[in-house]
Amino acid sequence: RRGLADLPPLVSDSLLALIAMVNADPRTDKIDVGVGVYRDGAGRTPVMRAVKESERRLHEAQDSKSYLGGAGDRRFAELLRPIVLGAHAGDDRIVGLQTPGGCGALFLALKLIAAFNPQARVFMGTPTWPNHPPMARGARLEIVEYRHYDPVARAVDFGAMIEALESARPGDVALLHACCHNPTGADLSEDQWREVARVVAERRLIPLIDFAYQGFGRGLEQDRFGVEVLLEACNEVLITQSCDKNFAVYRDRVGCLFVKAPSADIAKFAMTHLLQISREAWSMPPDHGAAAVRTVLDNADLAADWRVELDAMHGRIRMVRERIAAADPRLAYIADQQGMFSMLPLSVEQVKRLRSEHSIYMADSGRANLVGIADGDLDRFCEAVVGALD
Ligand code: PMP
């Protein structure tokens, strides 16, 4: 008889190992650019003001915690439509449902694709968020990789991307990062998005757009540019959205999946499948975080304050990028990239030296969460990285 001891060994998650290393370091001047959460100038990840106030109002007003149903908080998904879908918010061929975070949305999206086309291959640019490949494999979908990032140009390898998408078969899936590419920070330009949309539509591929960082890139409206052009060009689109970063509700697990179908009837039918898949996985999404986000968006005062705070977070991301870019010409590209992450041009040896000599912790790949650096540590960070490059 086989038992638990027969489980196959797992490759340990290198980011988790990094967290353990940071925690084990007794020095008090540690800089942690490994973990992927927003930090303010003081190095904290606070609850946003508008969320705190919405939670207070929720606490007062909530008179039941009875089940809501598989789609979760419907008003939450409705209020997100203009933010996420922009000009397409009123399109009745697009249905949306609440999910446990962006991960929950990706899980549903990939399972849905596998349910109508198990032969679909998922095209993903490398490097990508490390959870993308196992999630696609979990849905039993084949993966085709291409190079997203050119480490010499320190920008998107757009030629490789187009070549890969042009080689795809109709019905294959193009997994795209809407903005703030994780881990490289290298986003598509508007012209490049138009070109991707043209190829995806021409090859009749299905875009699966991972939208985890809206508002952290060029701005809340600008960040959905790719989503809007793909919705314009294609009649089947899946968008996996997360509020965990832009509402800073990470552990509350708040996300949404939007699915565009060729007709409103097909969209409704797809929704019945989504509810079945979610029923098997988690039955219903957790309520609290989505209710808090809904309360923010449903109250003009809270929505306005959320926007102010989100824009301030965006401003800090830009400020840190400009400061690092100005430290050395070899880091100038950092200012052209978007979101919290960039790949620093460091070897594994250099990354390890930064850990031992400067207590600066980043992934072996050189991926750094640039807003992990508190304001008071920015100069020391820049000096240490430039020193490591020399
Ligand atoms: N996609 C990307 C690219 C991400 O970086 C993340 C979070 N690290 C997610 C999806 C999932 O976000 P959530 O925490 O909402 O599940």
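Values quoted throughout were computed directly from the atomic coordinates according to the rules given, and no laboratory measurement underlies them. Keep in mind it's a predicted model, so treat the numbers as computed, not measured. Neighbour counts are summed over all protein chains in view; Cβ atoms, including those assigned to glycine, are modelled from backbone coordinates with ideal geometry.
Enumerate lysine pairs in the chain that are 8 or more residues apart or on different chains, then count those whose Cα atoms are under 20 Å apart.
Numbers: Lys30/Lys352; Lys52/Lys65; Lys52/Lys245; Lys111/Lys260; Lys111/Lys268; Lys260/Lys268.
For the chain, the number of qualifying lysine pairs is 6.
Out of Glu202, Glu142, Glu60, any idea which swings most in a Gaussian network model of the chain, alpha carbons joined below 10 Å?
Fluctuation is largest for Glu60.
Counting DSSP beta bridges in the range 87-201, what percent are antiparallel, to the nearest 5? Please report the intermediate quantities before stating the final value.
On the way: 2 of 11 bridges.
Of those bridges, close to 20 percent are antiparallel.
Which order results if Arg74, Arg323 are arranged by neighbouring Cβ count within 10 Å, fewest first?
Placing the least packed residue first, the sequence is Arg74, Arg323.
Can you put Asp244, Asp210, Asp298 in order, fewest other beta carbons within 10 Å first?
Asp298, Asp244, Asp210
Karplus couplings for the range 59-68 from phi (6.51 cos²θ - 1.76 cosθ + 1.60, θ = phi - 60°), rounded to Hz, Gly and Pro as x?
4, 5, 8, 5, 10, 7, 10, 4, 4, 9
Given labels modelled 7 Å from the Cα in the Cβ direction, how far is it in nm from Asp40 to Gln276?
If labels sit at Asp40 and Gln276, their model points lie 4.7 nm apart.
Non-local amide H neighbours of Leu176 (under 5 Å, H modeled in plane, Pro and chain starts lacking H): which ones?
Leu208, Ile209, Asp210
Using 7 Å Cα-to-Cβ label points, what is the Leu389/Thr28 separation (nm, one decimal)?
Distance between label points: 3.2 nm.
Residues in the range 94-129, backbone N under 17 Å from the label point at Arg204 (7 Å along the Cα-to-beta-carbon vector): list them, ranges by number please.
116-121
Compare the peptides 146-153, 42-49, 101-108 by average per-residue count of other Cβ atoms within 10 angstrom and give them in order, highest first. Before the final figure, lay out the partial values.
Working: 146-153: 15.6, 42-49: 13.8, 101-108: 24.5.
My ranking of the peptides, most packed first, is 101-108, 146-153, 42-49.
Where is the GNM fluctuation largest for the chain (alpha-carbon springs, 10 angstrom cutoff): Ala20, Ala186, Ala304?
Comparing Ala20, Ala186, Ala304 in the GNM, the peak value goes to Ala20.
Tabulate in residue order the Karplus-calculated ³J(HN,Hα) for the range 216-233, using 6.51 cos²θ - 1.76 cosθ + 1.60 with θ = phi - 60°, rounded to whole Hz; enter x for Gly and Pro.
In residue order, the calculated couplings are 8, x, 8, x, 4, 6, 4, 5, 9, 3, x, 4, 5, 5, 6, 5, 5, 8 Hz.
Could you list which residues have their amide H under 5 Å from that of Ile143, counting only those 5 or more apart in sequence or on another chain, with H placed in the peptide plane?
The answer is Val122.
Gly255's amide H: which non-local residues (gap 5+, or another chain) put their own amide H closer than 5 Å, with H modeled 1.01 Å from N in plane and none for Pro or chain starts?
Hits under the 5 Å cutoff: Thr99, Gly101, Cys243.
Give me a comma-separated list of calculated 3J(HN,Hα) values for the range 73-82, in order, Karplus coefficients 6.51, -1.76, 1.60 applied at θ = phi - 60°, integers in Hz, x for any Gly or Pro.
Each residue of the range 73-82 in turn: 7, 5, 5, 4, 5, 5, 5, 6, 3, x Hz.
Suppose every K and R has +1 on its Cβ and every D and E has -1 on its Cβ; what is the size of the dipole of the range 108-264 about the Cα centre, in Debye to the nearest 20?
Using Cβ point charges on Lys, Arg, Asp and Glu, the range 108-264 gives about 540 debye.
Quick one: Kirkwood hydrodynamic radius for the chain, alpha-carbon pairs, angstrom, one decimal?
21.8 Å
Per DSSP H run of at least 4 residues, take -39500 (n - 2.57); add these up for the chain, divide by its residues and hand me the 222 nm value, nearest 500 deg cm²/dmol.
Calculated mean residue ellipticity at 222 nm is -14000 deg cm²/dmol.
Once you've got the GNM for the chain with C-alpha springs shorter than 10 Å, pick whichever of Gly69, Gly185, Gly215 has the biggest mean-square fluctuation.
Gly69
Return the FRET efficiency for the residue pair Val144, Val348: r is the Cβ-Cβ distance, R0 is 22 Å, and the value is rounded to the nearest 0.05.
0.20
Starting with the fewest neighbours, write out Met313, Met319 ranked by other beta-carbon atoms found within 10 Å of each beta-carbon.
Ascending number of Cβ neighbours within 10 Å: Met319, Met313.
Can you pull the one-decimal nm distance between simple spin-label points at Phe116 and Arg330, each 7 Å off the Cα toward Cβ?
Modelled inter-label distance: 4.9 nm.
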